[in-house]
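What follows is one structure encoded as structure tokens, with my remarks underneath.
The values are calculated or read from the model by the stated rules, or taken from the named source; none is laboratory data. Quick caveat: nothing in here was measured; it's all calculated off a predicted structure. Cβ placement follows ideal geometry from the backbone for every residue including glycine, while neighbour counts extend to all protein chains displayed. Only protein heavy atoms, including side chains, enter the accessible area calculation; ligands, DNA and RNA are left aside. Shrake-Rupley method; radii C 1.70, N 1.55, O 1.52, S 1.80 Å.
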Amino acid sequence: MPPRPLFSPPALAVLGLLAESARHPYEMRTLLCERGLDRTLKLKHATLYDLLPRLTAAGLVEQDDPARAGNRPERTVYRITPAGVTALKTGLRKLLCDPTHDAAAFATALAFMFALPGSEVAELISRRAEHIDATVEEVEAGLAAASDVEPVFLTDHTYAQALRRAERDWLLAFAADLRQGTLTWPLADEEYSDDHS
């Protein structure tokens with residue numbers, strides 16, 4: 001079986017968690033469950049243990065000294081490297097602005113978007129909305145050209161259009177709230193700088 005791609009929503013989630021704080025795999029798994037991302041990502045227990053060595057080999061994370069709490073066994077703690085912060089930001093930029101990625105990837109990017117400045121997220125989200133709007137217009141033209149087709153046979157297209165419009169409208173409202181300060185950004189930009197250690 002071929003290895004999973006290094007850049008994936010689970011990898012992005014691991015980098016996002018480690019950008020917040022150094023952690024051991026069990027803590028990462030617990031946080032993903034608490035935040036509901038385990039369902040979004042369809043994570044299996046072994047996923048993190050499979051992913052961390054590959055992220056380490058790629059230089060995106062590194063191991064700290066093992067930690068022990070009470071009588072529990074030692075746990076390997078991981079932290080993100082500067083290259084990992086750069087990869088996290090690059091991944092977030094791609095997933096936030098490009099609507100060709102699936103819903104799980106976008107939801108993961110939203111969960112860790114705070115690694116970027118709020119103003120940049122507003123811009124990326126706006127670009128995503130523009131891409132979706134272009135698709136809406138293109139499909140509308142196609143539906144109009146299919147006027148001789150019974151509407152019931154176009155239901156899958158009209159359903160997809162309704163979803164596109166809803167996403168576009170939500171994105172535009174979200175970007176506007178960020179720009180107007182209706183939503184405050186929880187972290188200062190420098191907290192996830194590329195020289196993060």
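Points to keep in mind about this one:
- Computed from the Cβ-Cβ distance with R0 of 25 Å, the FRET efficiency linking Thr90 to Lys42 stands at 0.60.
- Legend: residues His45, His24, His101, sorted from most to least accessible area (1.4 Å probe; ligands, DNA and RNA excluded), read His45, His101, His24.
- The alpha carbons of the chain stretch over 72, 43, 27 Å along the principal axes, in descending order.
- For the chain, the mean residue ellipticity at 222 nm estimated from helices alone is -19500 deg cm²/dmol, where every DSSP H run of n ≥ 4 contributes -39500 (n - 2.57) and the total is divided by all residues, rounded to the nearest 500.
- Rounded to 10°, Cα long-axis angle of helix 118-145 versus longest principal axis of the chain: 30 degrees
- Net charge of the neighbourhood of Leu96, taken over other residues with C-beta under 14 Å away and scored Lys/Arg +1, Asp/Glu -1, is -1.
- Portion, in percent, of the accessible area of the chain that falls on carbon or sulfur, probe 1.4 Å: 55 percent
- Using C-alpha pairs under 8 Å with a sequence gap of at least 6, the mean separation divided by the residue count of the chain gives a relative contact order of 24 percent.
- Accessible area (Å², per residue) of the stretch 28-160, counting only protein heavy atoms and a probe of 1.4 Å: 55 Å²
- Axis of helix 82-97 versus longest Cα principal axis of the chain: the two differ by about 20°, to the nearest ten degrees.
- Angle in degrees between helix 25-34 and the longest Cα principal axis of the chain, rounded to the nearest 10: 40 degrees
- With 0.36 nm allotted per residue and the present C-alpha distance subtracted, the Ala146-Ala57 stretch has 26.8 nm of extension available.
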